[in-house]
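The numbers here are math on the coordinates, done by the rules we state, and not lab data. Just so it is clear, the model here is predicted, and its values are computed rather than measured. Because the Cβ atoms are built from the backbone with ideal geometry, glycine has one as well, and the counts that use them run over all protein chains shown.
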Amino acid sequence: MSGDAAGGAGDRAGAVDENRAPPGSVPARGYVFDNDSPHSGDHHRYLEEALDPLTLGRLTEAGAGPGMRCLEIGAGAGSVARRLAGIVAPGGHVTATDLKPGRIAPAPGLTVLAHDIVNDPLPDAGYDLIVARLVLQHLPRRRAVLGRLARALRPGGLIQVDEFDAGHEPCLLAPTEDDARLYERFTAAKTALMRASGGDPSWGRRAPAALRDAGFTGIDIRPHVLLRAPGTPALGLQLHHLAHLAPRLAENGFTPAELARLRRLMTGPGFAAATGVLYSVQARRPPARETSDSDRRNT
Ligand SMILES: C[S@@+](CC[C@H](N)C(=O)[O-])C[C@H]1O[C@@H](n2cnc3c(N)ncnc32)[C@H](O)[C@@H]1O
């Protein structure tokens with residue numbers, strides 16, 4: 001285990017907003033979409049289809065290429081890490097970590113590790129590139145984790161954090177007003193469950209400032225919204241959330257008839273919704289001279 005004295009402004013700010021469950025929330029139970037769930041295969045498949053083009057497009061635009069040493073944390077089923085290993089070949093390497101990495105298939109240039117990003121050690125300045133997609137929002141102490149990631153990057157190295165702000169996921173088309181209200185009740189319950197598990201479903205909107213506060217520079221933000229319409233992976237993802245969370249939604253006031261109606265609504269004609277905004281945020285660890293200047297200011 002590392003000492004994890006993440007330090008810096010990020011920690012101090014983090015102490016204010018992290019781990020605070022809103023009044024009336026349900027009891028905490030840990031990461032809400034467990035990789036051991038039978039629904040997890042669908043979860044990762046839809047994430048891959050919906051988001052890999054965006055995540056990998058941004059990485060290649062920013063110069064990901066042969067020879068780079070990369071880390072992906074919370075890699076899920078590893079689709080990004082696997083493709084990135086191809087992009088950084090020859091001479092490059094990707095380490096894909098996850099609390100539960102059992103779904104990550106081996107590939108050339110890829111090392112898979114069981115690793116808890118909150119507590120387990122990371123090499124100092126060990127990577128040219130770090131990717132974190134839809135992980136930090138689920139973590140307690142996410143700002144402290146950003147401090148640890150800053151130290152694990154070489155000076156001048158690149159981090160990409162892709163995170164949803166799920167605080168506003170509007171229904172755009174539904175057969176009746178009642179249907180639209182039921183869908184919006186579901187999205188509100190989903191984010192409440194994520195909060196109750198120690199996550200911050202709106203963290204996407206806070207990611208740029210959190211990166212700046214952790215000492216990163218050159219913050220480059222790209223917002224994206226996806227359509228949840230029949231046949232889209234973004235709707236598949238939402239259907240997965242409904243299936244995965246059904247037992248907990250039932251504990252929190254949804255009747256079996258309402259859950260069945262939601263599924264019919266989302267799989268039937270005449271339904272469309274938008275995802276929350278996905279913020280893809282790139283930033284760099286300052287080059288060595290800037291780092292030591294800022295270190296001096298902080299001492
Ligand atoms: C929503 S999934 C995202 C997976 C992948 N990054 C993607 O976007 O396709 C979140 C992942 O973070 C992992 N995770 C949760 N807590 C973690 C921790 N403390 N350390 C490492 N991984 C963690 C989960 O096991 C899961 O695979």
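Basic side chains Lys and Arg get +1 at the Cβ, acidic Asp and Glu get -1 at the Cβ, and with that the dipole of the range 33-288 about its Cα centre reaches some 420 debye. As a size descriptor, the averaged projected area of the C-alpha convex hull of the range 77-198 was calculated at 9.7 nm².
List every residue whose amide H lies under 5 Å from the amide H of T95, counting only residues 5 or more places away in sequence or on a different chain, with H placed 1.01 Å from N in the peptide plane. So T95 has HN proximity to C70, L71, E72, T111.
Each Lys or Arg adds one and each Asp or Glu takes one away; over the other residues whose Cβ falls under 10 Å from the Cβ of A132, this sums to -1. Mind checking the log10 I(q)/I(0) for the range 33-288 at q = 0.16 Å⁻¹? Debye, one equal scatterer per Cα, no solvent, two decimals. Here log10 of I(q) over I(0) equals -1.17. In order along the range 53-58, phi translates into HN-Hα couplings of x, 5, 4, 6, x, 4 Hz, rounded to whole numbers, per the Karplus curve 6.51 cos²θ - 1.76 cosθ + 1.60 with θ = phi - 60° and x for Gly and Pro.
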